[in-house]
Each structure stands twice: as C-alpha cells, then as structure tokens.
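The values are calculated or read from the model by the stated rules, or taken from the named source; none is laboratory data. All of these numbers come straight from a predicted model, not from anything done at the bench. Glycine also receives a Cβ, built like all others from the backbone with ideal geometry; neighbour counts cover every protein chain displayed. Note: areas computed on protein heavy atoms with side chains; ligands, DNA, RNA excluded. Shrake-Rupley method; radii C 1.70, N 1.55, O 1.52, S 1.80 Å.
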Amino acid sequence: MRSRFVRPLIAVLALAGLAGCSGTPAPGGSSSATSAPSSSVSPSASSPSATPSKPTPTQVPTTLGPEDTTPDPSLPAVKPTPGQGNAELSITVLESADAAPQHYTLVCIDGAPAAESKHPTADAACTALKNNPSLLSHAPIKSDQECTQQFGGPQTAKVTGAVDGMEISASFSRTDGCQIALWDAASAIIGSSGGAA
C-alpha cells in the first residue's frame, strides 16, 4: 500500500524538478523565480512596425565610429598573427567619383619597401602588412550586420595582388561605419586617410 503513494509522489517531484530546470511551470503550479524577466517595452497598436530588439548573448559589436578608439573590455582581445612581410600590390584610390584615379604600387620584402614601390606611405604600409597580413582579407560585411549610418566621404579604393603568397582583391569605401572602420584599419596600405571632402 505504501508503494502506491510513493511512486506517484516521486513522479510529481521529478516533474516539478524538471519544470524548475526548464523554466516552465509544473502542472497545476505557477512559474516563479525561474521564469525570464519580460521586457517592459512592447510594440504599440498604433505603430505596427515597432518591434522590440532582442540582442543575442553572442552578438559582438562590429561597427566603429571615429570616437570608438578604445577596445571593448568585455570582448576577448584578438592579437593579429605577424606574417612574412612580403607583398606585391596594386592600389587605385578615387578621392571622388569625378576625380582622376591615383595609382600606387607597393612591393614589400620582409616587411620593408622594395625600390620599385611607388607609394606615399610605403614604410608604414609594409610594416602594417608584416604585423597583420590579414588587413586586406576582411570578411564580407553581412547583410544583417548593424553599421552606423554615417558618411565618411566619397573615397573608394581597390587593392589587388598578393600578401605572403595569398591572392588579394579588396575594395574599400567610406559609406557607413563598418566601411569606415575597414578603411581606417588599412589606411597605411591604401595610402589615403580618407575623410569627407
């Protein structure tokens, strides 16, 4: 007779324990401290386009503006892996859509510019490529990536060639915060600091 009451009691306790772990209430019970807090912001009936933002815990800020010069201490520091410093690049910069293109040639050997380099900042460019050969191999910006909507100038640049034996074909502009950050990171190689004209 005792086992008739013990088994259902164990089943109810197990169910209550699972409900406490999952955040869903047990049958006949109510959720308490285990439920997630609800947002106090909800879209109003008068503005159907308003939707609450739900950041994910793995979301990483990817946009930088001119004022963002210090790294976010909550993010892990990523130190670039130095390379060999060997590069052969052709760089074309347009300061505006109607300006004459500026053509540069950058040849680096062991992180130092070779005599055939025709580049305004050849020393800095070769040093930057040796310290971080992936500067020109940035991942494409995702369509859902948030970028600050700021215009950094009409400049565009195209870099082709090879760095440490890897083929390079990179385009740069200053049309939003993401593009400005990529331009600024590679500005020594591009040979132009950019900026609104």
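For the stretch 173-180, the Karplus equation 6.51 cos²θ - 1.76 cosθ + 1.60, evaluated at θ = phi - 60°, returns couplings of 8, 10, 8, 7, x, 5, 5, 4 Hz by residue, with Gly and Pro reported as x. Report the net charge of residues surrounding G85, where surrounding means a beta-carbon distance below 15 angstrom and charges are Lys +1, Arg +1, Asp -1, Glu -1. Result for the local shell: -3. The dipole here belongs to the stretch 83-158: it is taken about the Cα centre, uses +1 on the Cβ of Lys and Arg and -1 on the Cβ of Asp and Glu, and is about 80 debye. The listed residues D123, D176, D98, D184, once ranked by accessible area (1.4 Å probe) with the largest placed first, stand as D98, D123, D184, D176. In this structure I109 has an accessible area near 100 Å², from a 1.4 Å probe over the protein heavy atoms.
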